[in-house]
């Protein structure tokens with residue numbers, strides 16, 4: 001498993017690394033907060049980064065970089081202001097796996113820290129569910 005994070009800034013990776021026996025299944029991750037990192041490191045197409053396209057490219061990119069079977073990626077707007085015309089709380093989470101790349105769109109609420117916490121929890125849930133479905 002691997003992670004590519006923007007909005008969540010490493011929170012998902014931190015949770016995975018704290019899990020039992022993580023060294024046997026967690027490959028690592030990329031915190032791509034700057035757009036240039038998304039484009040240059042993860043292979044995200046130049047364009048909007050608060051989008052399903054960006055989340056899917058981030059997940060596929062980190063899976064490629066780390067040789068992971070599964071990857072999760074999170075991008076969105078934590079606040080306090082909108083970004084790219086997207087309101088605060090807009091989140092895209094993609095999960096990459098052997099059966100392809102799936103993305104889910106959320107509209108979360110709360111202060112920036114609350115949005116980040118909710119997004120990280122959703123990402124972990126989706127990754128766990130996807131890995132279980134494919135098993």
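Rule-based calculations on the coordinates, nothing more; no lab input. Only a predicted model underlies this, so the values are computations on that prediction, with no experimental measurement involved. Here the Cβ is made from the backbone with ideal geometry for all residues, glycine too, and neighbour counts use every protein chain on show.
Among the numbered conditions (1) more than 20 Å from residue 31 (Cα to Cα); (2) not in a helix (DSSP H, G or I), tell me where residue 131 comes up short. Evaluating residue 131 over (1) more than 20 Å from residue 31 (Cα to Cα); (2) not in a helix (DSSP H, G or I) leaves (2) as the failure. Anything in the stretch 120-135 that is under 18 Å from residue 53 (Cβ atoms) and surrounded by 20 or more Cβ atoms within 10 Å (Cβ to Cβ)? List them, or say none. Hit for the stretch 120-135 is 123, nothing else.
How about the stretch 14-33: which of its residues are closer than 15 Å to residue 75 by Cβ and outside any loop (DSSP other than H, G, I, E, B)? Of everything in the stretch 14-33, those that are closer than 15 Å to residue 75 by Cβ and outside any loop (DSSP other than H, G, I, E, B) turn out to be 29, 30, 31. Looking only at the stretch 80-97, how many residues end up being outside any loop (DSSP other than H, G, I, E, B) and at positive phi? The total comes to 0. If you filter the stretch 43-79 down to residues that are assigned to a loop (DSSP other than H, G, I, E, B), touching a residue at least 60 places away in the same chain (Cβ under 8 Å) and touching a helix residue (DSSP H, G or I) at 6+ places or on another chain (Cβ under 6 Å), you find that the one that is farthest from residue 120 (Cα to Cα) is 70. Taken as a whole, the stretch 111-128 holds at least one residue that is in a loop (DSSP other than H, G, I, E, B) and farther than 24 Å from residue 23 by Cβ.
A quick yes/no check of all residues on (1) surrounded by fewer than 23 Cβ atoms within 10 Å (Cβ to Cβ); (2) farther than 19 Å from residue 118 by Cβ; (3) under 9 Å from the mean Cα position of the chain (by Cα):
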{"position": "14", "(1), (2), (3)": "yes, no, no"}
{"position": "24", "(1), (2), (3)": "yes, yes, no"}
{"position": "44", "(1), (2), (3)": "no, yes, no"}
{"position": "52", "(1), (2), (3)": "yes, no, no"}
{"position": "57", "(1), (2), (3)": "no, yes, no"}
{"position": "62", "(1), (2), (3)": "no, yes, no"}
{"position": "85", "(1), (2), (3)": "yes, yes, no"}
